[in-house]
Every structure is written in C-alpha cells, then in structure tokens.
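Colleague: Structure provided below as structure tokens; questions to follow.
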Amino acid sequence: MKDPVRVAITGGAGNISYSLIFRIAAGDMLGPDQPVILQLLEIPPAMDALKGVIMEINDCAFPLVHGVSGTDKPDEAFKDVDIALLVGSRPRGKGMERSDLLKANGEIFSVQGKALNDNASRDVKVLVVGNPANTNALIAASNAPDLDNRQFTAMMRLDHNRSLSQLAQKTGTQVTDIEKMIVWGNHSATQYPDISQATVKGQPALEQVDRDWYENDFIPTVQKRGAAIIEARGASSAASAASAAIDHVRDWVQGSDGIVSMGIPADGSYGIAEGIMYSFPVTCKNGEYTIVQDLDIDDFSRDRMQATEKELREEREAVSDLI
Ligand code: NAX
C-alpha cells in the first residue's frame, strides 16, 4: 500500500468542494490505489457546515481516506500537504468593484501563501480555483518565497474542457477526437480559446468549422459560459469546476495525454513577459509541466493573447502592495 498523500482543500464547505472532495476521496484525482489524508480549511462562520461535510465523508467509508480534519487555521490545514486546492474565496458582493474583489481576495491568498510557505511539503503542488484565480495564484506564490513559483498554478481547465465540448458538439465528434486545444491568458471574459492549432480526428479544426462560427459563436460562448450557467442554474458552476480541478491535478501528477491549458508563471514564452500567471498550452510528465513551444501564432491570435495579458497586468497593478 502506498503512503497517503496529504491534500488540503480550502472552502471545504462550499459548493465546488461538495463535489470535489468526494471525487478525490474516491480516487479520481490521484488514482485508485493512492490513499489520501484530507485537510479541510474554512472560515469560522462555516465551521458547522464543514463538520457536516466531514460527517458525510466518514459515512462514505471510502477505503482510500486515511484521515480527514477540518480547521479554520491555515497553518494547520497546510501542515505537510503535498497538494493544496485553494477553492475558498470571497464572492463579489453587492456594489463591490472588481478592484475591491481583487483586494479582498488578495488578503486571503497572501495569508494562505505564507502558511503554505511555512508548513507545506517542499514539493507541494498548488492549484488556485478561487477567483480571480490567476491573480490569486500570483499573490499566493509571491508570499511563499521559499517555494518555487512554478509550484503555484491557476485553474483554466474548466475553460479548456468547455472548449473541447463546444467543438466536439459542433463537429459531431467526441472530445477524445480533439487534440491541441488551447486556452490562453486569464480565467475571465478576456481569455482566448484558440482552435487554430487544434485538430479533430487528425484534421485541422478550422477546416471543419467556418470562421464566422469560430470568431462570433465559439469564442464568446466559451468566454461567457460561467455567466450562462449562473443564468440557467441560479448558481455558479460547481460540479464541472470540481471535475476540471481533478483533471488539472491528475494530469500534473500523473501526466497528461497531449496538450492541456494551465495558468502558470509566464516566462517569456510567446512574448508573454514574467510577472503574471497566464494560461499556456502545456504537457505534463513525471510531475512537471512544460510549455509547448514554437507554435505559429497568427495576427488574430496575437491580438487576443495580448488583450488577455493586458488585463492580467492591470490586475497585478491593482494588488501591487500584496506581491
Ligand atoms: P462557495 O461560496 O459555495 O464556497 C466558497 C467557500 O469558501 C465558502 O464555504 C466560504 O466560507 C469559504 N471561504 C471563504 N473565504 C475563505 C478563506 N479565507 N479560507 C477558507 N475558506 C474560505 O463558492 P464555490 O461555488 O465553491 O466557488 C469557489 C470559488 O471558485 C469562487 O471564487 C468561484 O468564483 C471560483 N470558481 C472558479 C472557477 C475557475 O475556473 N477557476 C470556475 C468555478 C468558480 O466560479
């Protein structure tokens, strides 16, 4: 039997976690032979609800769960963790400007970055889901000077999966028929879902859909999918977000099958300078991700990649005192 892996999940009593935790406990993220110890973090007003979640985890009698704890102290939640899923964050309140939201969450993620720095395994892998995910990941990484900033990532996989699903539906194929899908940039309405590199059943995607659909239907549909779910469901994406978080960490740890999109520290690749967490096409192997290099970028793509970069630099500016 393998040694258990310690997994921290913040916002443990929230909506996404209510799907996420149970799938991790069932082995969907780290494999059916990998025991886990779950370390859940919440804020004091949600500790009762978290207690209820822990009771349910226990009631599942998951063979892979070798321990579960709940706390409102980041230092405790992140003690020796190998994987940290930072899901909890402050929702946008009435009358709150985007900059207020950035600041309120910035404070949460600077505290959590410090707590990871001081308590987590030196090899911890961190995924930030809580919005604004990319900039929250930047803040957490900046507050963890003893960890490599490449250990911090932001979730773009939901956008990536949404793109796969839209293209598969349009072309009457399965998502497994599609390769080289990419979503560039920020997890926001400026993101650039790019099918110019993609293939469907081995043939260029752009030869199988018309340009007008790509520019005026596909791109805005993916960009605004979060709002469409809220409109339809009366609540934001939860199960699909949890599923994307599982996909992201599973591929990072166990290896990806082809190209996936991850929000990671920009390193100058594709002209995106350092200092932001930007979504790039990557492949994962042996617990490491590598940016896919040397793709041809046309003017249409370049403009969109720069627009989403610009937004991330503005977000960085708004939280400059926290990084
Ligand atoms: P909920 O409001 O249901 O749950 C959030 C939980 O976090 C609450 O239980 C709250 O008490 C807790 N929390 C707040 N501050 C905390 C702190 N400092 N430490 C620990 N826990 C804290 O939201 P949910 O639907 O679960 O969404 C969570 C986050 O994911 C939101 O920020 C949401 O915007 C973001 N999303 C990100 C996505 C992505 O693709 N990156 C997609 C889905 C989702 O919109």
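Colleague: If I ask for residues that are near the ligand (Cβ under 7 Å from one of its atoms) and touching a strand residue (DSSP E or B) at 6+ places or on another chain (Cβ under 8 Å), which ones from segment 14-55 would you list?
Modeller: Matches in segment 14-55: Ser17, Leu41, Glu42.
Colleague: When you scan segment 216-226, how many residues do you find that are surrounded by fewer than 14 Cβ atoms within 10 Å (Cβ to Cβ) and either touching a Pro at 6+ places or on another chain (Cβ under 7 Å) or in contact (Cβ under 8 Å) with a residue 24 or more places away in the chain (or both)?
Modeller: Total meeting the criteria: 1.
Colleague: Among Leu101, Leu116, which is the only one that is in contact with a Phe, Trp or Tyr (Cβ under 6 Å, 6 or more places away or on another chain) and either closer than 21 Å to Arg225 by Cα or not in a loop (DSSP other than H, G, I, E, B) (or both)?
Modeller: After ruling out the rest, the residue left standing is Leu116.
Colleague: Just checking, which of Ile83, Ile16, Ile21, Ile37 is surrounded by fewer than 23 Cβ atoms within 10 Å (Cβ to Cβ) and hydrophobic (A, V, I, L, M, F, W, C)?
Modeller: Checking each option against the conditions leaves just Ile37.
Colleague: Next up: Here is a list of conditions, (1) of a type outside the set (Val, Ile, Thr); (2) within 21 Å of Thr290 (Cβ to Cβ); (3) surrounded by fewer than 24 Cβ atoms within 10 Å (Cβ to Cβ); (4) within 16 Å of the ligand (Cβ to nearest atom), and Lys114 meets all of them except one; can you say which number that is?
Modeller: Status for Lys114: all satisfied but (2).
Colleague: Could you list, in sequence order, all residues of segment 145-175 that are more than 25 Å from Val111 (Cα to Cα), part of a helix (DSSP H, G or I), more than 10 Å from the ligand (Cβ to nearest atom) and out of contact with any Asp or Glu (no Cβ under 9 Å at 6 or more places or on another chain)?
Modeller: Leu164, Ser165, Leu167, Gln169, Val175, listed by residue number.
Colleague: Working only within segment 264-323, note down all residues that are at pLDDT below 95 and part of a strand (DSSP E or B).
Modeller: none
The values are calculated or read from the model by the stated rules, or taken from the named source; none is laboratory data. Keep in mind that this is a model prediction, so the values were computed, not measured. Methodologically, a virtual Cβ is constructed for each residue, glycine included, from the backbone with ideal geometry; neighbour enumeration extends over all protein chains shown.
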